[in-house]
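Each remark here refers to the structure printed beneath this line.
The values are calculated or read from the model by the stated rules, or taken from the named source; none is laboratory data. Keep in mind that this is a model prediction, so the values were computed, not measured. So basically every Cβ, Gly included, is an ideal-geometry build from the backbone, and we count neighbours across all protein chains shown.
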Amino acid sequence: MSQTRKVIHVELKEPYKGRRNYYFGSAAAIYDTLPIEVVGISLATLWNRFCGADTYHGALATIRKRELLTKSTNRGKRNENRADNRTEPTAY
């Protein structure tokens, strides 16, 4: 079974620092990298737009909220079937 995570794709009409496409894990993270003048929309307004739709088309950028599919792993999970046989080291 795969996991889904949110990813925000910002596609700029004009390149910023040589790039047109940026990918973020949250809408707030956009503004740590891109100034509001480059994105063309404030964070609060973007949140309001994402309530009704998953895509924002503006004069300076297109911002899409999508799902990133990932493979499930057992990393970080405890194995409940394993007996915990750890003992204190013996002092000599």
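Considering each residue of the stretch 1-20, count those that are closer than 24 Å to K71 by Cβ and either of a type outside the set (G, A, S) or surrounded by 15 or more Cβ atoms within 10 Å (Cβ to Cβ) (or both), and give that number.
Looking only at that region, the number is 8.
Residues being over 18 Å from the mean Cα position of the chain (by Cα) and surrounded by 15 or more Cβ atoms within 10 Å (Cβ to Cβ): count how many of those fall in the stretch 41-55.
Counting residues in the stretch 41-55 that are over 18 Å from the mean Cα position of the chain (by Cα) and surrounded by 15 or more Cβ atoms within 10 Å (Cβ to Cβ) gives 1.
Residues in the stretch 70-87: is at least one at pLDDT below 95 and surrounded by 10 or more Cβ atoms within 10 Å (Cβ to Cβ)?
Yes: one or more hits.
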